[in-house]
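Asks: Okay, here's the structure, questions in a sec.
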Amino acid sequence: MSVLIFAEGVDKSIKKSSLEAVSAGFALAQKLNTETIAIAIGDYDAVALQELGKAGATKVIHVTAGVPAYPSALAYASVLAGAAKEVAASVVLLSKSALGDGILSRLSVQLNAASATGVLAVPEVSGDVLKVRKSIYTGKAFAELSLTGAVKVISLAKNAVPLKEDGVVATVESKTYTVSDLAGKLVHQKEEKASGDILLTEADIVVSGGRGLKGPENWGMIEELAKLLGAATGCSKPVSDLDWRPHHEHVGQTGVKVSPNLYIAVGISGAIQHLAGVSGSKVIVVINKDPEAPFFKAADYGIVGDAFEVVPKLIEAAKKL
Amino acid sequence: MKILVCITNVPDTTSKISFSDDKKKFNDAGVQFIIGPYDEYALSKAVDLKEKNNATIVVLNVGGPETEPTIRKALAIGADEAIRVNATPTDAWFVAKQIAAVAKDGGYDLILMGRESIDFNGGVVHGMVAELLGLPSVSPVMKLDLEGTKATIAKEIEGGKELLEVSLPFVAGCQEPISEWKIPNMRGIMSARTKPLTVVEPVAVEGNVVYDQFSLPAPKGAVKLVDASDPAKLFDLLKNEAKVL
Ligand SMILES: Cc1cc2nc3c(=O)[nH]c(=O)nc-3n(C[C@H](O)[C@H](O)[C@H](O)COP(=O)(O)OP(=O)(O)OC[C@H]3O[C@@H](n4cnc5c(N)ncnc54)[C@H](O)[C@@H]3O)c2cc1C
Ligand SMILES: Nc1ncnc2c1ncn2[C@@H]1O[C@H](COP(=O)(O)O)[C@@H](O)[C@H]1O
């Protein structure tokens, strides 16, 4: 028996959300009295892999050969299925992302496993059943689920479980597994990605701008504030529809769902569809010139004022932090 | 060419969500139901492809009789026929098995779905269906161009996009800006009434997920306002009170 955790990476290091999944895996493995094994696919050095040890893995399976050079849910699902069978995993944990859920959907079929995505806490163990909690109706409600059967596959919401940092030095084993022929049917052409930026979905802090900012030329101050706070930038849907900002920054019901420690919304009205994407945030700050803006009802802190006056002052204050 | 579009019947995005007193059932009183927004992108794309490729669109929903108005709306938007699998969805696995059972011998060249349902937010049914049918799948798809049997796709990845190619048949989970939503015209609405809607009974599925109960988030306390003339105070509060800086 074991708990197997898929570690997703970005720029050759393991994502924080995956380290959280390993920490959750460790906590679950303690309850199940079993081993915590992480699996990393791709090009990582020993230092990056040992982050998994610190987060709670006692063993790391490292797969470099026989897999596509870019992340492929199809290929990775077959690798994970092979590994899960080999280490007799009773639970496979991933972190919630398009890649994670792409893997999870196929893996759950291959392992004939019960599955749940976007789980909000370390599952509770009740005999052979795992009890999990997840948000539904895009953040408007919660559900409690029981997962039965011999194997469970679960993806964990980001920033939901505290990171463990006092683990051990994990043993690292290089392995190869059979990759499904189907993976080859998706022919990768290229990736268009802003490198070096903090990923919106991984960020501890997000500074987001709405139509109140009037035009793309005014995003300089949003970027500057974000940079000073170590934050990622986001936006409302009209802003990406108008092409003021790239689509992958659009937060909300039909965009990216974020759950940072701090979400700062500037010139966003707080439509219910926007709130659906940010309700998992720990603390919300709203800056809007209209005191009646609905976003204030969902906020912890607020400033009623003109963004073009308030944000420059915040930038000055942030420089002194 | 034959396209299968899978749609959900979900509460309108502005709906207030509530549950029965025993927390076991969604309370649908006064709730307006719509085609899932992501599913509507899938359907709109199918309509684009229909115009260009002389395709037939079959729309599929797994749900009870109450979903038929939503299915008719999809027919009004441009689907040619509809199938309803007569069962209340219990979880993604159940739904995926039903869709796969319908699709298996249907001769579909393309299966379009939404990237995720906005009720259970799984984001997994497309992958499960593809795995069950032995097909490749891609999600979330923001752009899909078809040239003969070859599709060029832009898929959203964190912080950007990936461009890839795949041959028919495959499964895609769609999102904006793949296509513009179509507004049904009068002719569409009239013809939707007479387009075929076939009801099929579900296949048996051994479930392994049980929804025990539902709950609502705790109400949010009042917002703490900071004076616009002293924004530094905000950082002070975020650091020392909220402890998020
Ligand atoms: C099916 C569906 C899905 C949707 N999905 C999403 C989604 O995923 N994400 C999303 O964001 N929206 C989504 N929407 C759109 C949503 O309903 C709103 O239209 C949108 O969020 C509004 O964006 P906004 O707040 O930037 O713009 P507005 O509503 O135009 O608000 C601008 C705000 O800026 C304030 N403002 C103006 N000038 C200033 C200034 N100088 N200083 C400070 N404040 C100022 C105004 O008071 C106002 O509150 C969806 C809608 C539908 C129907
Ligand atoms: N009951 C259903 N009937 C038809 N299609 C569905 C159903 N549930 C989910 N789907 C499809 O699967 C996609 C992903 O759903 P989910 O995995 O629940 O997020 C949706 O966008 C739909 O296209």
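The values are calculated or read from the model by the stated rules, or taken from the named source; none is laboratory data. Keep in mind that what you see is a predicted model, and the values were worked out from it rather than measured. So basically every Cβ, Gly included, is an ideal-geometry build from the backbone, and we count neighbours across all protein chains shown.
Yes or no, residue by residue, for (1) away from every other protein chain (no Cβ under 14 Å); (2) of a type in the set (S, T, N, Q); (3) away from ligand 2 (no atom under 11 Å from the Cβ); (4) touching a strand residue (DSSP E or B) at 6+ places or on another chain (Cβ under 6 Å):
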position: B:ILE3; (1), (2), (3), (4): yes, no, yes, yes
position: B:ASP12; (1), (2), (3), (4): no, no, yes, yes
position: B:TYR41; (1), (2), (3), (4): no, no, no, yes
position: B:VAL47; (1), (2), (3), (4): yes, no, yes, no
position: B:GLY64; (1), (2), (3), (4): yes, no, no, no
position: B:ILE71; (1), (2), (3), (4): yes, no, no, yes
position: B:ILE77; (1), (2), (3), (4): yes, no, yes, no
position: B:VAL95; (1), (2), (3), (4): no, no, no, yes
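Asks: From B:PRO219, B:PRO202, which residue is more than 7 Å from chain A (Cβ to nearest Cβ), modelled with pLDDT under 95 and part of a loop (DSSP other than H, G, I, E, B)?
Replies: Being more than 7 Å from chain A (Cβ to nearest Cβ), modelled with pLDDT under 95 and part of a loop (DSSP other than H, G, I, E, B) holds for just one of B:PRO219, B:PRO202, which is B:PRO219.
Asks: Can I ask one more? May I ask you to verify whether A:ILE264 is surrounded by 23 or more Cβ atoms within 10 Å (Cβ to Cβ) and either within 10 Å of chain B (Cβ to nearest Cβ) or within 16 Å of ligand 2 (Cβ to nearest atom) (or both)?
Replies: In short, yes.
Asks: On to the next question. List the strands (runs of 3 or more DSSP E) that sit entirely inside the range B:1-79 and contain at least 2 residues that are within 24 Å of B:SER191 (Cβ to Cβ) and more than 14 Å from the chain's Cα centre (by Cα).
Replies: In the range B:1-79, B:2-6, B:56-63 are the strands (runs of 3 or more DSSP E) which contain 2 or more residues that are within 24 Å of B:SER191 (Cβ to Cβ) and more than 14 Å from the chain's Cα centre (by Cα).
Asks: Out of A:VAL122, A:VAL151, A:VAL129, report the one residue that is of a type outside the set (Asp, Glu), over 25 Å from B:GLY114 (Cα atoms) and away from chain B (no Cβ under 11 Å).
Replies: The unique qualifying residue is A:VAL122.
Asks: Considering A:ALA48, A:ALA40, A:ALA21, A:ALA75, which residue is under 17 Å from the mean Cα position of the chain (by Cα) and part of a helix (DSSP H, G or I)?
Replies: A:ALA21
Table: residues versus (1) within 11 Å of chain B (Cβ to nearest Cβ); (2) more than 16 Å from ligand 1 (Cβ to nearest atom); (3) outside any loop (DSSP other than H, G, I, E, B).
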position: A:GLU165; (1), (2), (3): no, yes, no
position: A:VAL168; (1), (2), (3): no, yes, no
position: A:ALA183; (1), (2), (3): yes, yes, yes
position: A:ASP197; (1), (2), (3): yes, yes, no
position: A:SER208; (1), (2), (3): no, no, yes
position: A:GLU224; (1), (2), (3): no, yes, yes
position: A:LEU228; (1), (2), (3): yes, yes, yes
position: A:GLY234; (1), (2), (3): no, no, yes
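Asks: Let me ask something else. Return the residue satisfying two criteria in turn: it lies in the range B:33-63 and is among the basic types (Lys, Arg) and surrounded by fewer than 22 Cβ atoms within 10 Å (Cβ to Cβ), and of such residues it is nearest to ligand 1 (Cβ to nearest atom).
Replies: Top of the filtered list is B:LYS50.
Asks: May I pose another question? Pairs, please: C-beta under 7 Å, at least 6 apart or cross-chain, first residue in the same structural domain as A:ALA75 (by TED's automatic domain parsing) and free of Cβ contacts under 8 Å to residues at least 40 places away in the same chain and in the range A:110-128, second surrounded by fewer than 24 Cβ atoms within 10 Å (Cβ to Cβ) and hydroxyl-bearing (Ser, Thr, Tyr)?
Replies: Close Cβ pairs (under 7 Å, with a partner that is surrounded by fewer than 24 Cβ atoms within 10 Å (Cβ to Cβ) and hydroxyl-bearing (Ser, Thr, Tyr)) amount to A:ALA114/A:THR148; A:GLY118/A:SER135; A:ASP128/A:THR148.
Asks: Residues in the range B:181-188: is at least one at the interface with another protein chain (Cβ under 7 Å from one of its Cβ atoms), within 16 Å of ligand 1 (Cβ to nearest atom) and closer than 30 Å to A:LEU242 by Cβ?
Replies: no
Asks: Out of the range B:140-177, which residues are assigned to a loop (DSSP other than H, G, I, E, B) and either hydroxyl-bearing (Ser, Thr, Tyr) or within 11 Å of chain A (Cβ to nearest Cβ) (or both)?
Replies: B:THR149, B:GLU158, B:GLY159, B:LEU168, B:PRO169, B:GLN175, B:GLU176, B:PRO177
Asks: Test A:ALA83 against the stated conditions and say whether it is surrounded by 22 or more Cβ atoms within 10 Å (Cβ to Cβ), closer than 22 Å to A:GLN50 by Cα and away from ligand 2 (no atom under 15 Å from the Cβ).
Replies: The answer is no for A:ALA83.
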